[in-house]
Structure formats: structure tokens, C-alpha cells
1. Among what's in the range B:81-96 and is polar (S, T, N, Q) and over 31 Å from the mean Cα position of the chain (by Cα), pick the residue that is nearest to the other protein chains (Cβ to nearest Cβ).
2. Cβ-Cβ distance below 9 Å, separation of 6 or more or different chains: which pairs start in the range A:144-159 with a residue that is within 24 Å of A:Lys183 (Cβ to Cβ) and more than 11 Å from chain B (Cβ to nearest Cβ) and end on one that is polar (S, T, N, Q) and surrounded by fewer than 20 Cβ atoms within 10 Å (Cβ to Cβ)?
3. Would you confirm whether any residue within the range A:139-149 is under 30 Å from B:Arg136 (Cα atoms), of a type in the set (A, V, I, L, M, F, W, C) and either touching a strand residue (DSSP E or B) at 6+ places or on another chain (Cβ under 7 Å) or not assigned by TED's automatic domain parsing to the domain that holds A:Ser38 (or both)?
4. Where residues in the range B:177-205 are in a helix (DSSP H, G or I) and of a type outside the set (S, T, N, Q), which of them is nearest to the chain's Cα centre (by Cα)?
5. Return the residue satisfying two criteria in turn: it lies in the range B:44-83 and is small (Gly, Ala, Ser) and not in a loop (DSSP other than H, G, I, E, B), and of such residues it is surrounded by the most Cβ atoms within 10 Å (Cβ to Cβ).
6. Limited to the range B:144-160, what total is found for residues that are part of a helix (DSSP H, G or I) and within 13 Å of B:Thr127 (Cβ to Cβ)?
7. Just to be sure before I move on: is A:Glu41 out of contact with any Pro (no Cβ under 7 Å at 6 or more places or on another chain), of a type outside the set (Lys, Arg), within 21 Å of A:Thr127 (Cα to Cα) and modelled with pLDDT of 95 or more in the structure I sent?
8. Does at least one position in the range A:170-186 carry a residue that is surrounded by 14 or more Cβ atoms within 10 Å (Cβ to Cβ), closer than 30 Å to B:Leu123 by Cα, touching a Pro at 6+ places or on another chain (Cβ under 7 Å) and among the acidic types (Asp, Glu)?
There are 2 protein chains.
Amino acid sequence: MEIDFDNIKVVGFDADDTLWVNETYFRNAELEFAKLLSPYETANKIDQELFKKEMDNLDLYGFGVKSFILSMVESALEISNGSVPQETIQSILNIGKDMINQPVVLLEGVEEVLHTLSQSYRLILATKGDLLDQERKLEKSGLTDYFHHIEVLSDKKEENYSKLLNHLDINPSEFLMIGNSLKSDILPLVNIKANAIHVPFHTTWAHEQVSEKETNGKHYKTVNNLSEILNFLNSIENH
Amino acid sequence: MEIDFDNIKVVGFDADDTLWVNETYFRNAELEFAKLLSPYETANKIDQELFKKEMDNLDLYGFGVKSFILSMVESALEISNGSVPQETIQSILNIGKDMINQPVVLLEGVEEVLHTLSQSYRLILATKGDLLDQERKLEKSGLTDYFHHIEVLSDKKEENYSKLLNHLDINPSEFLMIGNSLKSDILPLVNIKANAIHVPFHTTWAHEQVSEKETNGKHYKTVNNLSEILNFLNSIENH
């Protein structure tokens, strides 16, 4: 199934790991966390316990860096059977604050693609992170002017995107989503008959991983980096 | 200055302490927190230190319950000079989870007012809390169907509301905001020439308090409870 670019009105961009590096900072934080708790458990077990804690807290805390910090604190208390030193709790809070203060590193082709697409479409940022955190990254990135606004979704499932389209007053066929996560940015869109382009990032959070079975028979485009999207546009113009 | 209800297109409602009780839960959490730390300081000093910590972290963490929990943990470490028992940290995390799980208690007249206004205007929920938290409360409240969507603002200052109006594609004169906080729901709207109705709640967070000087000469309506808004509408119809 081809994407009918003439029919698109709004293009939604995922933010983390689509426009800029993010998962790398989470992975580094997990490494630091495992080092802090190395007196109690193997790095592998610590990783597993932290992920389990994040999943247990997901309904309550949702996504984003503050949820991650809270899960690290709780996980540290449990892994150490309540014996983790107070300074380690402080160190965990500091890991979190450092994550929030990380520089924004743009991925390949971002500026060029946003510049081109913003001339024909209304662009929005669609994220399930904290609004404040995403606004800050957008500000730091220098990309603010390309986007009409930021949409925060509490999750990125079919019903969340359906609500978004209703809110934007457009049909699914008029929406194109671009992102790195098959689970969050691609499959739910395909399922509600909207358009989607997958731009894989080299690292994927375990929660976002999908099996081959789930993508079987689903129609979406995949590009190696954002710039390749411009080829689709060129081929339309030369049509 | 009268509000021209015929010209209004969208009515924004603040959520916490406008539609349902919220500040009361924060106050109760602060009392529990002070009790947990009573071996180290007076309740008054603990209150002051926690508020100071919340303000210090505001730029980094933003508003909402997760930010509050993180500030409690950090504050506990500082107030106790790093000697707070690990079980107390766990208790603080539990206070936070209990807050998230509190029942939603509607304020007087809410359902009636939403029912009436939703027949003539598009209603939105405009909040600076966590989206997931507010979605959950809206769901529990049974009020979901009255609202077109939830708008999350990272803060409620003039520029945030200007962005919101731009995003909604309406003029300031076509927007009416209803809320309990002069600082967040009323004054910024008045300053950008939108409409605002103040519905005071009996308890106001220190961060939201404004001096009389700030409200001097500002034009907005005040009602004692939400139902009184319906009187304005009746007087138009009988006009």
C-alpha cells in the first residue's frame, strides 16, 4: 500500500529516538544503577528487577523520566532488602536529574526533513514522555518552529491515536506518523488505517519490542534514516 | 467587563480543585510526611523545607504528583542529614502511590454545569498535572463524555495559554477559562484578553497564592461555586 502524500494533512513525529538520542541515556543510567547496586546482585539480575519494577509501576506512573527515577529508588530498596545506603538513594536521584539535563543530540537528516515537510503539512510532535521534558528538549533542539504543537499521549495505543485524530478533526487517511517504535509509532496507526513510516533506532527498550508475528502482513514503510523519506516526496513530484 | 457568552467557542476547565478535590490530598500527604520526619525537625520546618525543595525542583520536574514524591524523597534525605531509615523512604513512596489511588470526589454543581455548558460550547480540560493521572481521574469521575479532549500545559502562564489558543485555532475572546487558581487559571487569561471565571477552593497551595496587588484592576468574574455560572447563562437567554 502506497502512502498518498497528496491526501496527508498532518504529520506526527515521535520525539525520543526519532528526532534525537534518548534510549542511549536510559541505557547509561541503567548501567550506573547496576554499578551502585553491585554489592547486592549481578548486573543482569539488577537489570531484570528494574525492568520488572517499571512494568509493575506503569499503570500508576506512566512513561517518562520521573517514573523511571521513582522505579529506580523502589527497586534499590527491594534489591538490597532495605539496606541500601542513604547516599545511594541520593545518587539515584542525581542520575535522574543528570538524565533530564542531558544535551539534545539530533539524529541524521532531522532538520532537512522537518524543513521540507513543514512546507506542505502541519507537523506535530506526538510523545508519551513528560510534557515539560519534551518541551525542554524541543527548545534545546532548535526545532520548535517546525511544529504546530506538542501532543502528549498517556500511551500510544490505537485508542490514544483515535482520540488524537478526533481532537485534530482529521480522518486516519489524512495522518502520517513517523517514528522508531513499531509497537508505539507504527502498528497502532496501521491498525486504525492511518499511515506510518518506521525509522529504526539502533537500541530499543524491551517494553517496545515486538515479535515478527505482530508485524506480519502489516503495511507500513521502513526507511534507514529520516532523509530517505524525502525520496518518496521526490518520486511524487516527478510522477 | 461582561463575558459575551454568544462569542465563546471553547470553555476550558481546570481539573484539580475545580472539578474535584485535590489539594486536600496533598495537604494530608504533607502531614504524613511531617509525621515520618518528626524525629528530625518541627512540623513547621519540615513543611517549609519540602515546599522549598518543590520550588527548587520545579524547573526540572514540573508539576504533578510524581514530582511531589521525588521532592519528598530528596527532602527527607536532607532534613535527616542522610540518616532517614530506608523504611521511611519506602513509606514516602507509598504515600505517593496512595495519592494516585485516591477516589475522585466531585465538587458541588460540577455535573450540572458541564451538562449545560456542553450543549453550547466545546469543553476541554486544561491541566498542568500528569496526563496519565488526569486521564485516570477523569475516567473515575464519569465526566469523560463532556470533554472534547484534555490539554496538558507544562505551566499555566500567558505564553502557555497563547500557544493553546493557537493550537485550538481560536481568538482569545472566544475562550473562557474556569478554575480555582487566580495565578494559573484567571490572571494569565485576563492578561491575554481571554475570559475567566474564578471559583475559589477553600485550600490554596502556597505556590498558587497571589497578592491583592496582582488582582487589582483585573477584570474577571468570581462565583462561590460552579452552579452560579448557570445564572449568567440564564440572564443571557432572558435578555
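1. B:Gln86
2. If the second residue must be polar (S, T, N, Q) and surrounded by fewer than 20 Cβ atoms within 10 Å (Cβ to Cβ), the pairs left are A:Glu158/A:Asn191.
3. Scanning the range A:139-149, I find at least one residue that is under 30 Å from B:Arg136 (Cα atoms), of a type in the set (A, V, I, L, M, F, W, C) and either touching a strand residue (DSSP E or B) at 6+ places or on another chain (Cβ under 7 Å) or not assigned by TED's automatic domain parsing to the domain that holds A:Ser38 (or both), so the answer is yes.
4. Here the residue is B:Asp185.
5. Initially, the range B:44-83 is screened for residues small (Gly, Ala, Ser), giving B:62, B:64, B:67, B:71, B:75-76, B:80, B:82-83.
Subset that is not in a loop (DSSP other than H, G, I, E, B): B:67, B:71, B:75-76.
Details: B:Ser67: 20, B:Ser71: 23, B:Ser75: 23, B:Ala76: 26.
Out of the qualifying residues, it is B:Ala76.
6. Of the residues in the range B:144-160, 1 are part of a helix (DSSP H, G or I) and within 13 Å of B:Thr127 (Cβ to Cβ).
7. Values: out of contact with any Pro (no Cβ under 7 Å at 6 or more places or on another chain): yes; of a type outside the set (Lys, Arg): yes; within 21 Å of A:Thr127 (Cα to Cα): no; modelled with pLDDT of 95 or more: yes.
When the stated conditions are applied, A:Glu41 does not pass them.
8. For the range A:170-186, residues surrounded by 14 or more Cβ atoms within 10 Å (Cβ to Cβ), closer than 30 Å to B:Leu123 by Cα, touching a Pro at 6+ places or on another chain (Cβ under 7 Å) and among the acidic types (Asp, Glu): absent.
The values are calculated or read from the model by the stated rules, or taken from the named source; none is laboratory data. On a predicted model such as this, the values are computed, not experimentally measured, just so you know. In this analysis, Cβ positions are derived from the backbone assuming ideal geometry, glycine residues included, and neighbour counts consider all displayed protein chains.
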